[in-house]
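The values are calculated or read from the model by the stated rules, or taken from the named source; none is laboratory data. Here the structure is a predicted model, which means the values were calculated and not measured. For neighbour counting, all protein chains shown are included, and Cβ atoms are generated from backbone atoms with ideal geometry for every residue, glycine included.
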Amino acid sequence: MSDFDYESLLDRARDKIPDDISNRSRWKLPEPDVLIEGSQTILRNFSELISMMDRDADHVYQFLQNELGTSASREKGRILLKGRIPPRRIKEKIVSYVKMYILCQQCNAPDTSFIKEDRTTLLKCQACGATRPVKL
């Protein structure tokens, strides 16, 4: 029998795990960079948000227009929204997109993708294998 007790062995093992693996929030979306100019609101880092989300830009663009209830246009990696929209409201809609279409409801991992099964679109998690139907 060894001199080590379970707790000290566990602590030793935890110390050896690299931070990028043990840190649960390894995936973090950048803050939306919003500028209100006259009667329009500009989301300046749309392309950066899309590349972090790993989703179709058109899908996210349509979602934001529908949720914010306004029309918009895309221009060089940014979105020009009609009307003065508070940055907090834009962030809330992006967070709700992430919860609905990116994060796995079982394990909360962002490693998901859309798969088509018959006429149903599913969100499949690469981390735990869970699937759930989503409306596109």
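Please find, among L64, L43, the residue that is modelled with pLDDT of 95 or more and within 21 Å of S113 (Cβ to Cβ).
Just one listed residue meets the conditions, L64.
Report those helices (runs of 4 or more DSSP H) wholly inside the stretch 13-128 carrying at least 2 residues which are loosely packed, with under 11 Cβ neighbours inside 10 Å, free of Cβ contacts under 8 Å to residues at least 60 places away in the same chain and among the polar types (S, T, N, Q).
Details: elements: 19-22, 46-53, 57-68, 87-101.
Correct list: empty, since no element meets the threshold.
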(message) Being of a type in the set (V, I, T) and over 30 Å from I115 (Cα atoms) is the filter here; which residues of the stretch 67-89 pass it?
(response) I85
(request) Assess whether R55 counts as being touching a strand residue (DSSP E or B) at 6+ places or on another chain (Cβ under 9 Å), under 29 Å from A127 (Cβ atoms), outside the structural domain of K124 (by TED's automatic domain parsing) and basic (K, R). (result) yes
